[in-house]
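Here the structure is laid out as structure tokens; the discussion comes afterwards.
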């Protein structure tokens, strides 16, 4: 067994020798198709009538970050990545008689892998096309308060979670300066699998919209990123 392990280790060392690796970090910006979240806001506004509550914030595009490690293999680059995104929504109304508020704070962490392939190169410039596939965990902190004449009629503070699968198609421009790589990405994220929000993974505890559908996170939308990488060789 020891000999087998030594042989396997040697094979890995030989296969890895001379390979080029890249470590990248980037700031990201995305737009989000949160139709279900917006519907929950509309239902909350309707439920507190005749109070004139309004949607103050409705899940705008927001900044995030991305860390990627990759291995170069000819024209292909194979990668693993971690990304973080966040957004939120608020319904609010307040006057001398009281206050109503619904906050939905969402954050998403994704771990996955992917690849890019070179489609054009001129001088120190490259244009690449790529595909990513990741497993995404979304947390939604739901804060709800209804206060009338300084008396709290309703108050909730609950954390929901959901599990999604994300696929991103992207184009990447790169400029290489010695071992540094400056890059920009533009792409679109699709969520082929969108899990319902539950509490502690309990499928019996979820939010159901008036349409009968369970509430889900919908992170699909346009993506852009700007970052820097460092290429090294082992």
Review point. What number of residues within region 47-68 are out of contact with any helix residue (DSSP H, G or I) (no Cβ under 8 Å at 6 or more places or on another chain), in a loop (DSSP other than H, G, I, E, B) and surrounded by 14 or more Cβ atoms within 10 Å (Cβ to Cβ)?
Key: 3
**Study point:** residue 89 being touching a residue at least 24 places away in the same chain (Cβ under 8 Å), surrounded by 16 or more Cβ atoms within 10 Å (Cβ to Cβ), in contact with a helix residue (DSSP H, G or I) (Cβ under 6 Å, 6 or more places away or on another chain) and part of a strand (DSSP E or B)
**Key:** yes
Practice item. Note down all Cβ pairs under 6 Å where the first residue falls in region 151-172 and is farther than 25 Å from residue 111 by Cβ, the second is surrounded by fewer than 15 Cβ atoms within 10 Å (Cβ to Cβ), and they're at least six residues apart or on different chains. Key: 157/143
Revision key, fill the gap. When restricted to 99, 77, the only residue out of contact with any helix residue (DSSP H, G or I) (no Cβ under 6 Å at 6 or more places or on another chain), assigned to a strand (DSSP E or B) and under 20 Å from residue 131 (Cβ atoms) is 77
Review point. Quick one: is residue 144 surrounded by 14 or more Cβ atoms within 10 Å (Cβ to Cβ), assigned to a strand (DSSP E or B), in contact (Cβ under 8 Å) with a residue 40 or more places away in the chain and within 17 Å of the chain's Cα centre (by Cα)?
Key: no
Check your understanding: What number of residues within region 166-200 are outside any strand (DSSP E or B), touching a strand residue (DSSP E or B) at 6+ places or on another chain (Cβ under 7 Å) and within 26 Å of residue 88 (Cα to Cα)?
Key -> 2
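A short reminder: the numbers here are calculations on the coordinates, not readings from a lab. None of these values were measured; they are calculated from a predicted model. Using ideal geometry, Cβ is built from the backbone for each residue, glycine included, and neighbour counts are taken over all protein chains shown.
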